[in-house]
1. Can you tell me which condition residue 156 does not meet? The list is (1) crowded, with 17+ Cβ neighbours inside 10 Å; (2) at positive phi, and all the others hold.
2. Of all the residues that make up region 46-90, how many are over 18 Å from residue 119 (Cα atoms), in a helix (DSSP H, G or I) and in contact with a Leu (Cβ under 6 Å, 6 or more places away or on another chain)?
3. Mind checking whether some residue in region 291-306 is surrounded by fewer than 18 Cβ atoms within 10 Å (Cβ to Cβ), among the aliphatic types (A, V, I, L, M), modelled with pLDDT under 75 and under 27 Å from residue 38 (Cβ atoms)?
4. Select from region 7-66 the residues that are surrounded by 12 or more Cβ atoms within 10 Å (Cβ to Cβ), hydroxyl-bearing (Ser, Thr, Tyr) and either touching a His at 6+ places or on another chain (Cβ under 6 Å) or farther than 19 Å from residue 263 by Cβ (or both) and list them in ascending order.
5. Would you mind finding the one in 104, 57, 94 that is closer than 30 Å to residue 147 by Cβ and under 21 Å from the mean Cα position of the chain (by Cα)?
6. Name the residues in region 128-153 that are among the hydrophobic types (A, V, I, L, M, F, W, C) and out of contact with any Ser or Thr (no Cβ under 9 Å at 6 or more places or on another chain), would you?
7. Given the conditions (1) within 21 Å of the chain's Cα centre (by Cα); (2) acidic (Asp, Glu); (3) modelled with pLDDT under 75, report the number of the one that residue 313 does not fulfil.
Amino acid sequence: MNGSDPRLIKPVLASVLTVLLLSLPWLTSDYFVMMTIRIMYFGLLTMSLCYLAGELGLVSLMQAAFFGIAGYFVAILQTRYSLPFPIPPLAGIGVAVLAAGLFGLLAIKAKGVYFLMLTLVLGQLVWALASQWASMTKGDSGITGIYAPVLFGFSAEKSKTVFYFFQLFAFSGVVWFLAALKRSPFGLMLRGVRDSETRMAMLGYPVMLLRYLAFIFAALVAAVGGVFFAYFTGLINPHSVSLTANVEALMASILGGINTLFGAVLGTGILKTLDVVLSGVTERYVLVMGVMFLVIIMFAPKGIAGSARQIWEAYKGKMLSFLALGNKTAKP
């Protein structure tokens, strides 16, 4: 195999990225580590949206509800009932998945814009519950005093490096899980439903069950992000389950590329970074971001990651043709 084989680029890049992520706390400042943590837990929320949109072609506006449900249960079980780790996060994720199971019975029956509107309504119901059930959720002021756990004798609350690796471990596990789902026969069936639901039903595939399971898996991913959000910020309030949070996830997915997991993380990273940088430069940063999204939608409808992948595929094709021509020329 030729050393310049383009097929070697992906594993090399993956190895370099792994080394960088593992050494990041010692290479950068605490502020950059904190930003990376934020990108990871918000990235999980965006990935949950991208998974449904990419695999089924369904855009959900209630993924932040599962994100917030998990965070609220962590907060309530820890601050009100003083339950030890890992009961609060496991219970929070479990309740979020249970809620997805109940909401999914309604959501999977809708398609297209009706699915979008139905998830919007269901998400707003969760937001109203978080805002108005003040005796449990403390209303708009939210629940404070949430602290990250002690892991193997190291406090994730006191050390951002410990929290970073705690988050990185969970984040990597979720990415692996979603990537495995996309490559599995289940993922192939989902894409078949996306492309032609009628044909899949005629072939005997359980279309509704496939959509239902995908909805639950997406909720699971968002719930993991909600757990880390609550632990890192130390608070949870109705804004975490609001329409604004869902729209931000949708904007991040459009920016990065709604059909890829990498695009979800990339879009989240760019959005959160610009949010901090532009808000410190101008009061009209929302207008600047709006113009940027308009440009992305017009000239890169598949997002930054999708467009970069198209360019790479074109380059790879030319490179393989060049190498094949070189091998033929080199033969005696």
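1. (2)
2. 2
3. yes
4. The answer is 28, and nothing else.
5. After ruling out the rest, the residue left standing is 94.
6. Residues satisfying the conditions are 128, 133, 136, 150, 151, 152.
7. Tallying (1) within 21 Å of the chain's Cα centre (by Cα); (2) acidic (Asp, Glu); (3) modelled with pLDDT under 75, residue 313 fails exactly one: (1).
The values are calculated or read from the model by the stated rules, or taken from the named source; none is laboratory data. Given the structure is predicted, the values throughout are model-derived calculations rather than measurements. Every residue, glycine as well, gets a Cβ built from its backbone with ideal geometry; the counts of neighbours run over all protein chains shown.
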